[in-house]
Structure formats: C-alpha cells, structure tokens
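First the structure, in the form of structure tokens, and then the observations on it.
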Amino acid sequence: MIDQTLLPNEFKYIYCDDLPSTWEAIKSLRVRGAPAIGIAGALGAVLGIWNSAAKTYEAFAAELKSARPTAVNLFWALDRISRTAEENKVLLAEALEIIAEDKAMCRAIGQHGMALLNENDTILTHCNAGGLATSDYGTALAVMFSAHKAGKQIQVYADETRPLLQGARLTTWELMQAGIDVTLICDNMAAQVMKEGKIQCVIVGADRIAANGDTANKIGTYNVAILAEAHGIPFYVAAPTSTLDFALETGAEIPIEQRAAEEVTKGFGKLTAPEGVKVYSPAFDVTPAALVTAIITEKGIARAPYTENLNALRDS
Ligand code: MRU
C-alpha cells in the first residue's frame, strides 16, 4: 500500500505481510478512507488468519476492528470474509473481489454524480475521498474526475482538514495530478469563500451512513454542511452502498473515533500548543440527514426521505 502519512513529500509503498503490520497501517492512517480501510481489513484478515491463536472468527476480527471504529467498511469487509469462510470459499479470492467491486462502484458513483454538476461549477470538498481513500478513483473525487474527463469545466476548493491535513496533503495532490483546477483553503475560510459566491456545491465522502441518512465523515464536515445550508448551497455525500449501515436507525448510534492529543498539538513534529494542554479530538462528526441534499451511490442518487429511499436503492 502507499504510505499516505508521507504524502505529498514522499511517495512510498509499504508491504504488510501479517496482521500486526496491517493493523498498525490502519491505526496510524498509512492507509485511510473508509473503502480503503475495508480493503486493508479484508486482506489483513486473509494474512492474519493463518497464525491466529483466536478461538473464534469474532475474536480474531475484533482485533482488526479495534483499529478504527467509525468507518463501517472495515466491519462490513470483515463480516464478508467471515461469511466466505462459513461457505468454505477461498478468502483471498473474496478479498480481491471486494477490490474489484470497489473499483466498479467508484466509477459508477462518478458517472451518477457528474450529472449534478454544471459547466463552470466550483465544488468545495473536505478531507480526502479520492483514489487514495478507495481502491482507485474515489467517491467525492470520482464525481470531479468523471466530470473533468467528460470535458466539463470545473474548479475545486479543498479544505485543508485539520488536524492531519488530508485535504491539503492528499486531495490537492490527487486533483493536481488529474489536471483539475484546485485551490487550497484553511478549514476556517469556507464560510468566507461561500459568502463570496465562489462555491456552487459541496461534495464529501462518508465513513458511515445510518438508515435515516445521517452521515459520519471527517471532523469538520458537519461545519461545512451548516455553512452550505446557510448559503443555500447543495451539500452532496458520495459513498458506495458498502458505507450504508442499515443496522443503525440514526447517526446518534455511530461510534466516533477519538484520536491522540499529539495529532492536534504536535501534528507534524512541531509543537503548536503548550505542552500538557488538555485536548479533545474526535476524528469524525455526524451531519444530520436534513442538511444532506442528496447521497450519490453506485446504484444512483438518493434524496430525502432517506429511510425510504436508501432502502429502495439497496434493494434495486
Ligand atoms: O480519518 P480518515 O482520513 O480515514 O477519514 C476519511 C474520511 O473522512 C473520508 O472522507 C471518508 O472515509 C470517505 S473516503 C472515500
């Protein structure tokens, strides 16, 4: 996998050949983004199961699941590997199938989503929901890649995404490589940029979407959704159906990962707050469905009422 913690300074592949190294890669965000975490989890399970001392699959999977609690894709992929084992099928083939499906889903999300964009639109995005966060092509960025490829003139504003700067380090890097016009802003500039009339829509990814459409995504996404509502700007979520969690009625039930204080106070090796200061660092927030204009999936676009329409989409 690409070690995403090193980007954009260094492009380096790391090789995980056992469960501990895969767990560490997920925990420390070397691999990150909901679909990519799911894929790493599935492959980690295949690698780790040979030498596991765990008595049950649940006990074995619990270790991997403990790496990151919010993105449902990790849980979804590990449950899929479990079902594969129960059916006496080849686990590696299933993990590779998850990758192939993810690739197809990303392309389909791009195709559905680009219909929402007009010529000369400027899109604001938060965090990184690009190729790095998936098997390739991304979710929110897939919409931009597809529109660009189809010849639509679009521009993008990327929030830097404190504290780990996925927007600054990864999203701008991906968009620049694709030749898409991207402008980096600090997170706290989004309101001003919207007020200046620069943004026509927001598109973000998701880590887990509850049955009612409440959407967990990178911390700060909720802020952006409120700003979009205040400025009358559509707020779109792009995610594969593997990110939908129908077991949860609302977003209130989504577990929110807490991250280490040092990521805020000493993010990239330089102390930016007094040593020992108290820190609260939730990695995700939940945007209420009422603020979500539409959810773009590989099966099509769902709008409110989400409980009804996401269900219909799942069964389509
Ligand atoms: O902590 P991260 O970097 O894994 O958070 C990632 C996000 O919030 C992404 O927006 C989300 O996983 C969607 S990726 C297609």
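Values quoted throughout were computed directly from the atomic coordinates according to the rules given, and no laboratory measurement underlies them. Being a predicted model, the structure only gives us computed values, none of them experimental. Positions of Cβ are backbone-derived with ideal geometry, glycine not excepted, and every protein chain shown enters the neighbour counts.
Of LYS27/LYS266; LYS27/LYS270; LYS65/LYS270; LYS65/LYS218, which sit over 23 Å apart, Cα to Cα? Going by Cα-Cα distance, LYS65/LYS270 fall outside the 23 Å limit.
Whole-Hz Karplus values for the stretch 158-165 come out as 10, 5, 5, 6, 5, x, 9, 6 Hz, taken residue by residue from phi with 6.51 cos²θ - 1.76 cosθ + 1.60 and θ = phi - 60°; glycine and proline positions read x. Put simply, the amide H of ASP214, placed in the peptide plane, has neighbours under 5 Å in GLY251, ALA289, leaving out anything fewer than 5 places away on its chain. Around the amide H of LEU184, modelled in the peptide plane, lie the amide H atoms of ALA158, all under 5 Å away and 5 or more residues distant in sequence or on another chain. Comparing LYS103, LYS152, LYS195 in a Gaussian network model of the chain where C-alpha atoms under 10 Å apart are linked, the largest mean-square fluctuation is found at LYS195.
Over the chain, dividing the summed -39,500 (n - 2.57) contributions of all DSSP H runs of at least 4 residues by the number of residues returns a 222 nm mean residue ellipticity of -11000 deg cm²/dmol. Working note: Karplus 6.51/-1.76/1.60 with θ = phi - 60° gives the stretch 168-173 the couplings 5, 7, 10, 5, 5, 4 Hz, where Gly and Pro are set to x. In straight-distance terms, cross-link reach from LYS55 covers every one of the aspartates and glutamates whose alpha-carbon lies under 13 Å from its own, apart from those fewer than eight places away in the same chain; here that gives GLU63. Projecting label points 7 angstrom from Cα along Cα→Cβ for ALA312 and GLU249 puts them 2.2 nm apart. Here is what passes the span test in the chain: the DSSP H helices with alpha carbon length of 30 Å or more along the helix axis and a Kyte-Doolittle mean of -1.0 or above are 91-114.
Amide H contacts of ARG259 (H built 1.01 Å from N, in plane; Pro and chain starts excluded): SER281, ALA283 sit under 5 Å, all sequence-distant by 5 or more or on other chains. Cross-link check: pairs LYS103/LYS195; LYS103/LYS152; LYS149/LYS198; LYS12/LYS278; LYS12/LYS149 evaluated at a Cα-Cα cut-off of 25 Å; pairs beyond the cut-off: LYS103/LYS195; LYS12/LYS278; LYS12/LYS149. With contacts taken as Cα pairs under 8 Å at a separation of at least 6 residues, the stretch 138-230 carries a relative contact order of 23 percent. Think of the stretch 45-139 as a dipole: +1 on every Lys or Arg Cβ, -1 on every Asp or Glu Cβ, centred on the Cα centre; then among LEU91, PHE75, SER52, SER52 lies furthest on the positive end. The charge dipole of the stretch 95-218, taken about its Cα centre with unit charges on the Cβ atoms of Lys, Arg (+1), Asp and Glu (-1) only, comes to about 120 debye.
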